[in-house]
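The values are calculated or read from the model by the stated rules, or taken from the named source; none is laboratory data. These numbers come from a predicted model, not from an experiment. Glycine gets a Cβ as well: all are built from the backbone with ideal geometry, and neighbour counts include every protein chain shown. Heavy atoms of the whole protein, side chains included, go into the accessibility calculation; ligands, DNA and RNA do not. Shrake-Rupley method; radii C 1.70, N 1.55, O 1.52, S 1.80 Å.
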Amino acid sequence: MMTTGSVREQLGLFSGVVTNLIIMVEKASSGFNRQRAADLEEMLHHQKIVVDEISLLSSRLDGLLSTEQGDSRDFCLKLESVLAHVQLMSEDIGEMIPALKKQISQGIPFSKKGIIQTNELFEGQLEMLRVLADIFQTDNEVLKTFLRQEKGPSLCQRCIDFATDHEARLVEGLCLPHAAPIFLTLLDAVRNMAQHGMEVAHLLMLEQRS
């Protein structure tokens, strides 16, 4: 059976990917708040790095699967599932790029409440990704439970609440119709990312390994 040290070594391979996802969200926030398309180009740059890192991780895990047996092999299979969810998280974050590009290039205004909520979404993403990075570094069960049962569900619920608020703003005429699809795209990206993050935490919980 894998030792704790070996487990952490394998999980640590994912930390570089999450670091780049964090940078992508930071650039999304900066681009939105400063209305700078250059920040979105930086997002694309780090997205390409993530694609390469995921490809290398996939190759490494395939190599381990060809040599490991028993519990070690089972855990490698688990890591392949984790990697699939991390890849989907990166794609969710990438979905924000064209929406933000449109908002910036066309100067589409958000309402004051919309700006506040968008920034709360970015901050929620960053908080969740930082917890995930800590999980990959420490294999900490408390953090996994926190992400799975508290941080992830809280962020998903926030997205639902913001969608309800958005509908009310549309009805009241406080949000321009052409801003609506952009805001909803951001909401969907954050909610989907949070759901995949929760699945990662669930897969890595000790009781799921046996």
5 Å is the cut-off here: which amide hydrogens, built 1.01 Å from N in the peptide plane, fall below it relative to LEU176, excluding neighbours closer than 5 in sequence?
SER111
Toward the positive end of the charge dipole of the stretch 1-127, about the Cα centre and with charges on Cβ (Lys, Arg +1; Asp, Glu -1), which of THR19, ASN119, GLN69 goes farthest?
ASN119
On the formula 1/(1 + (r/R0)^6), with r taken between the Cβ atoms of ARG60 and SER81 and R0 of 22 Å, the FRET efficiency rounded to 0.05 is 0.90
Normalised per residue, the volume of the convex hull around the Cα set of the stretch 1-126 (Å³)
93 Å³
Note to self, the chain gives a 222 nm [θ] from helices alone (DSSP H runs n ≥ 4, -39500 (n - 2.57) apiece, / all residues, nearest 500) of -28500 deg cm²/dmol
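Only helices at least 20 Å long along their own axis, judged from Cα atoms, and with Kyte-Doolittle mean hydropathy of -1.0 or greater: name those in the chain from DSSP H.
On the way: long enough: 15-34 (28 Å, 0.46); 37-65 (42 Å, 0.26); 70-94 (36 Å, 0.05); 112-138 (39 Å, -0.01); 152-172 (30 Å, -0.26); 180-204 (36 Å, 0.72).
The qualifying helices are 15-34, 37-65, 70-94, 112-138, 152-172, 180-204.
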Taking just the C-alpha trace of the chain, give me its Rg and Dmax in Å.
18.5, 62
Starting from a Cα-only point model with no solvent, please compute log10 I(q)/I(0) by Debye for the stretch 69-151 at q = 0.14, 0.21, 0.23, 0.25 1/Å.
-0.68, -1.11, -1.21, -1.29
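Please give the per residue accessible area of the chain, computed with a probe of 1.4 Å over protein heavy atoms only, in Å². List each step's numbers first, then the result.
On the way: 9910 Å² over 210 residues.
Result: 47 Å² of accessible area for each residue.
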Expressed as a percent, the accessible surface of the stretch 4-204 that is carbon or sulfur, using a 1.4 Å probe and the full set of protein chains, is 52 percent
